Amino acid sequence: MQTAGTIVALSTPPGRSGIGVIRISGERALDLTRALLRDPDFDPDPNHVLLRPVFDPDTQEIIDRALVTFFRSPHSYTGEDVVELSCHGSPPLLLRILDSLLFFGARTAEPGEFTMRAVSNGRLSLTQAEAVRDLIEAHTHAAVRQAARQLGGELSNRLQPVKDKLLEIIVPLESSLEFVEDDLPDDIARNIEQNLSLLSSKIDVMADSFRRGRLLKEGLRVALIGRPNVGKSSLFNKLLSSDRAIVTEIPGTTRDTISEVINVEGIPVLITDTAGVRSSSDRIEQLGIERTRRAIADADLIVAVLDGSQALTDEDGEIVKEASENHCVVALNKSDLESFCINNAQQAGDNLVLVSVSAKNGSGLDALCAEIIRPFSAGSLDEGSFVITNARHYDLLRRTSEALQSSRSLVHQNVSEELILAGLYEALRFLGEITGDTTPEDILSQIFSTFCIGK
Amino acid sequence: MRESFDEDFDVIVIGAGHAGCEAASASARMGCQTALVTISLDMIGQMSCNPAVGGIAKGHLVREIDALGGIMGRVIDRTGIQFRLLNRSRGPAVQAPRAQADRALYRTEMRHVLEFTPNLHLRQGVVTDFVIKAGQILGIKLQDTRRLRAKAVVLAAGTFLNGLIHTGRSTYTAGRAGEPASIELAESLKRLGFSVGRLKTGTPPRLDGRTIDWDVFESQPADERPVPFSFLTETIEQPQVSCHIGYTNEEVHRTIRDNLQESPLYSGQIKGIGPRYCPSIEDKVVKFPEKTRHQLFLEPEGYDTYEVYLNGFSTSLPFELQQELVHKMPGLDQTKIIRPGYAIEYDFVDPRGLTPFLQTSLVKGLFFAGQINGTTGYEEAACQGLLAGINAALSIQGREGFALRREESYIGVLIDDLITQGVDEPYRMFTSRAENRLNLRYDTSDARLSPYGRNLGLLADSDWLRFSARRDRIARIRTTLLETRFKRSDHEYAELSRQIQNDLGDSISLAAVSQLPSVDASLIFNFLPSGVRSSTSLSELETTIGDLLYHGYIRTQQLNNERIRNQSDLPIPASLSFNRVSGLSHEMVERLERIRPQNFGQACRIPGMTPGALSTLLFFLKTSRN
């Protein structure tokens, strides 16, 4: 990746729309803008929106009137001079403007380059930068909220008291080790084990929230299977109609009529309605069967739909058997019918999760959704509490926890403090990798302000 | 203007303090004709304040100096009058000896060692300037018009550069009480363009021991089994004395508080920055008002003198006040001060202008070592002197420079910290400054560093033989521990079980027993096979057991280090202009240009470098190599 120069890029998604925003960042941002506006005296106040004509450099004609906003370094997204042009959202127009800027000496930004500059210039911390990415990729409201919280520095805020507590344990230990000739209180390093234990639990709770966090970000894949006429598709449609998801493109899946994303307690769930699984010589049907097999293979959980108003058939039995090799929920459909009897499902098997539903009137759907989520969500976290969504953070928190654990076990064994401290410093380092600080100097400062050291 | 030189040398060392003596000794023993020039030959090896060597981290430095072939350890072993091993109850990694010295004996012993060093020539004189041509050192000028030629010069001027002593309101120039400051030399440095700053330090009053009521104080005796600093010292032969412990009290504190305006530091008279960890008594009383008493140590200055050093009472209050305060302390109510305490300010040069070999970037062939680089402490100075002397010699001999890594020595940590981060207060070594503390054990300094000393020519054949023999013995003990197993049926097993009061499984190796909590090395000693036991010393057994104990921890650290080192060794081209690395803010570029790190690892340690800037730099380095 090149790192020099003034970069430009389209900041809004490609496609026709009302507005397209072009962002320019770098030393020459203003220069380039002046060239584009054919106004060498253009000297905007920062953070003011101005309406200006934009010229084609070849033909000299006006091609658009744009809203121009100048952000003066360092008070901009990247920390450099930034100019944002809000133009009409016509793709050929935007392309022409971008080309003009390139003609004047800009360079197309690499993916993520704006954010990388923001991090380099200290405008965003590493975790905040990751949050930006997460925000852009978020599929549901909850994930958006989570990413926004991280952007707001909430992760750092949560970790700071943990780091402070760790320092409170390290400082007396270190002092008793290094400053043996000084007149330090005797009980200086009491309660270490207790304090470490409290600290470990806090970190473990945060790390555990990752499971849920990952769900928030990446979502769950669920396949509906069942023989024809059990009401699979009706169930599918009914689930969709009560959804509140932001419907977006999910990379890696084909967007066709048999897969949709719904929102279950903030977690994006991709539900795939499948074709029947009979062997068939019909080509079209074979394609459908192929899709079905794939959906089942990819699924995190299978919902086996049975017709609860009839007795179980052999085919039903096969289906349930296949489903229960995965996480599985059995949806006993048509609870609205008089002939519905829950005992019809008894023969399906023991230890099955069974939910009675009606695709017709919607009853039992909430319970079904709850059962779908249950095997994957951690603890008693509600949608509003803070979760870790990032694998990097999860990994670092796990390592922090392990390091603390190893120190804790050493406290028991009565070993010399520097071995205990080794684990604590490791833990501190891992925490620092998440938020980015704490050097040995900090510890020395703490020691000297806490204890009177020095002969 | 004279052009000729009176004498010709390979290396000239300016200053015969702890840095200067190590530098001169090393350079001479490496075969260079070396002159040690000092203002006063009688003050060679003088300890400026506390007549003591060692302690936590400092003791480690002395051991490392010794392992490399330096001389501080041998000198203190012969002149120490109270040896104590600190942290004796804790692991081998953080144990360190500390010894009070007979101040006068230390000087004479140091001079004796130097006089018997081949290629080493002592010269008395005041250095006023350098002779430099085209950025290369040619020699030095002395006040009495002598000119001495040299291919390399090591400046180890201690606190003498523009030294200014404060006692109460009286101020006078001095390098140490009773010795003149180095004024002209200090001005030469400024003229040459060196970045000069100001630091301060202080020293307590010395007392007349005949007027002290010793019974009032708690005695602190020497260790029964004094542990020497040097690997070459078998035992400490000379008689040991005791120190004594006392305390200040509220009355003393009150008097100090009432008279703070008389203290040069608090009145603003002193501009230099002092160290947080050697605070004056004024500092202590002001910063920790809740403490009702501060600890003091009464340390004898020597066998044949009644002078006593009042450790913990560094002060620059006026003499009458010092005397009044002393009288307010029980046991000292009749005590006379024979030398007042004082604060001293002095020039230092920003160490970020040094290469890892302690050579200045401004003048080729000019090396700086010791307090001039912003450190405090004899040990901190000595290890720099050793490295500077070695590198001065190497540079003349056309050999590659010698630097130590952080992972392998405290000396490496110290020098790297200095040249990368600079100092904003006098720099003292602490074990916590080393990320690799577990590896930098006191008792493994020889294993880590003696091979270097040998390669440099600083370890004589006999020294090297001793090192090799020790290394071999430790290896043999290790094998013995691992291979000696006791089964339930063995009578040793029963004995061990009884003593440890634990079940040991069906069979257990001696190595495993040694790792059990609360098992002492002496216990293991008794269970060694007699053939091995007879050639094993308890301390070597302790080292071997320590190796086993730390092995696991160190391995993890080593893995981490390799991971970091792969990146940290990535070189940064000397000609790189950091503003070419776009994506770096002006502030980051400025920091990098200031330090001009030689590799990525060094860049990582520059204070204030953001992770983002480092990633950008790393990315740039990796991609621009292609």
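FYI, it's all coordinate maths here, none of it is from the lab. Predicted, not measured: the structure shown is a model, and the values here were computed from it. Neighbour counts run over all protein chains shown; Cβ positions are idealised from the backbone, glycine included.
Among B:His253, B:Phe231, B:Pro264, whose Cα projects farthest towards the positive end of the dipole of region B:205-284, with charges put on the beta-carbon of Lys, Arg (+1) and Asp, Glu (-1)?
B:Pro264
To make sure I understand the rule: partners must be lysines, Cα under 28 Å from the Cα of A:Lys360, and not fewer than 8 residues away in the same chain. Which ones qualify?
By straight Cα distance, A:Lys360 reaches A:Lys232, A:Lys238, A:Lys321, A:Lys334.
Evaluate the Kirkwood expression for the hydrodynamic radius of chain B, namely the inverse of the mean inverse distance over all pairs of different C-alpha atoms, and round to one decimal in Å. Could you put the intermediate results ahead of the total?
On the way: mean 1/r = 0.0380 Å⁻¹.
26.3 Å is the Kirkwood radius here.
I need the peptides B:17-30, B:468-481 ranked by packing, meaning the mean over residues of other C-beta atoms within 10 angstrom, with the highest value on top.
Details: B:17-30: 30.6, B:468-481: 16.4.
My ranking of the peptides, most packed first, is B:17-30, B:468-481.
In whole Å, what are the extents of region B:444-490 along the principal axes defined by its C-alpha atoms, from largest to smallest?
53, 17, 11
Charges only on Cβ, +1 for Lys and Arg, -1 for Asp and Glu: so what's the dipole of chain B about the Cα centre, in debye to the nearest 20? Intermediate values should be presented prior to the final figure.
Values: 72 positive and 73 negative charges, 367 e Å.
In total the dipole reaches around 1760 debye.
Taking each residue of B:544-554 in turn, how many C-beta atoms of other protein chains fall within 10 Å of its C-beta, and what is the average? Mind dumping the intermediate values first?
On the way: counts 0, 0, 1, 0, 0, 3, 3, 0, 1, 6, 1.
Mean partner-chain Cβ count within 10 Å for B:544-554: 1.
Over all directions, how big on average is the projection of the convex hull of the alpha-carbon atoms in region B:185-307, in square nanometres? It would help to have the intermediate numbers written out before the result.
On the way: hull surface 51.3 nm².
Result: 12.8 nm².
Starting from the Kirkwood Rh over alpha-carbon pairs, what translational D in µm² s⁻¹ does region B:402-491 have by Stokes-Einstein at 25 °C and 0.890 mPa s?
154 µm²/s
Order A:296-309, B:174-187 from most to least packed using the mean count of other Cβ atoms within 10 Å.
On the way: A:296-309: 22.0, B:174-187: 19.3.
Result, highest mean Cβ count within 10 Å first: A:296-309, B:174-187.
As I understand it, the dipole of region B:73-149 uses +1 on the Cβ of Lys and Arg and -1 on the Cβ of Asp and Glu, about the Cα centre. Which of B:Met110, B:Val131, B:Leu85 lies farthest toward its positive end?
Projecting each Cα onto the dipole axis, the largest value belongs to B:Leu85.
Identify all lysines with a Cα-Cα distance to B:Lys141 below 28 Å; exclude those on the same chain that are fewer than 8 residues away in sequence.
B:Lys133, B:Lys151, B:Lys190, B:Lys200, B:Lys364
Quick one: B:Trp214, B:Trp464, fewest Cβ neighbours within 10 Å first, how do they rank? Intermediate results must be reported in sequence, preceding the final value.
Values: B:Trp214 12, B:Trp464 15.
By the 10 Å Cβ count, ascending: B:Trp214, B:Trp464.
May I ask you to derive the FRET efficiency for B:Arg580 and B:Leu523 from their Cβ-Cβ distance with R0 = 51 Å, giving the value to the nearest 0.05? Write down the numbers at each step before the final one.
Details: r = 64 Å, r/R0 = 1.25.
Computed FRET efficiency for B:Arg580 and B:Leu523: 0.20.
Roughly how big is region B:73-189's charge dipole about its Cα centre, with Cβ charges of +1 (Lys, Arg) and -1 (Asp, Glu), in debye to the nearest 20? Walk me through the numbers on the way to the answer.
Values: 18 positive and 9 negative charges, 74 e Å.
Using Cβ point charges on Lys, Arg, Asp and Glu, region B:73-189 gives about 360 debye.
Counting pairwise Cα distances across the protein assembly as shown, what percent come out greater than 49 angstrom? Walk me through the numbers on the way to the answer.
Numbers: 259540 of 583740 pairs.
Considering the protein assembly as shown, 44 percent of its Cα-Cα pairs are separated by more than 49 Å.
For region B:200-348, calculate the relative contact order in percent as a whole number, restricting contacts to Cα pairs under 8 Å that are 6 or more residues apart.
43 percent.
Could you tell me how far the Cα centroid of region A:72-89 sits from the Cα centroid of region B:48-85, in Å?
61 Å
Would region B:198-265 count as rounded, prolate or oblate if I go by the C-alpha gyration tensor, calling it rounded below 1.5 in a/c and otherwise prolate when a/b exceeds b/c, oblate otherwise? Present the calculation step by step, with values, prior to reporting the outcome.
Numbers: a/c = 3.27, a/b = 1.74, b/c = 1.88.
Because a/c hits 1.5 or more and a/b fails to exceed b/c, region B:198-265 counts as oblate.
When B:Ile500, A:Ile170 are ordered from fewest to most other Cβ atoms inside 10 Å of their Cβ, what list results? List each step's numbers first, then the result.
Numbers: B:Ile500 16, A:Ile170 23.
Ranked by crowding around the Cβ, least crowded first: B:Ile500, A:Ile170.
With the dipole of chain B worked out from charges on the C-beta (+1 for Lys and Arg, -1 for Asp and Glu) around the Cα centre, which of B:Gly389, B:Ala67, B:Pro180 lies farthest toward the positive end?
B:Gly389
Percent relative contact order of chain B, based on C-alpha pairs within less than 8 angstrom and at least six residues apart?
Numbers: 1283 pairs, mean separation 103.9, N = 626.
For chain B, the relative contact order is 17 percent.
Distances longer than 20 Å among the Cα atoms of region B:244-363: what percent of all pairs is that? Please report the intermediate quantities before stating the final value.
Values: 3591 of 7140 pairs.
Tail fraction, whole percent: 50.
Quick one: P(r) of region B:390-549 from all Cα-Cα pairs, 5 Å bins, percents rounded to integers, in order of increasing distance.
Result returned by the calculation: 1, 7, 14, 14, 14, 13, 10, 9, 7, 5, 3, 2, 1, 0.
Amide H to amide H, which residues 5 or more places from B:Ala52 or on other chains are under 5 Å from it, using H placed in the peptide plane?
Amide H neighbours of B:Ala52, under 5 Å, 5+ apart: B:Ala101.
If you put +1 on each Lys and Arg Cβ and -1 on each Asp and Glu Cβ, how big is the dipole of the protein assembly as shown around its Cα centre, in Debye rounded to 20?
Details: 117 positive and 140 negative charges, 382 e Å.
Here the size comes out at about 1840 debye.
For the residues B:Thr203, B:Thr159, B:Thr444, what sequence is obtained by ranking on other C-beta atoms within 10 Å, fewest first?
Working: B:Thr203 26, B:Thr159 29, B:Thr444 19.
Ascending number of Cβ neighbours within 10 Å: B:Thr444, B:Thr203, B:Thr159.
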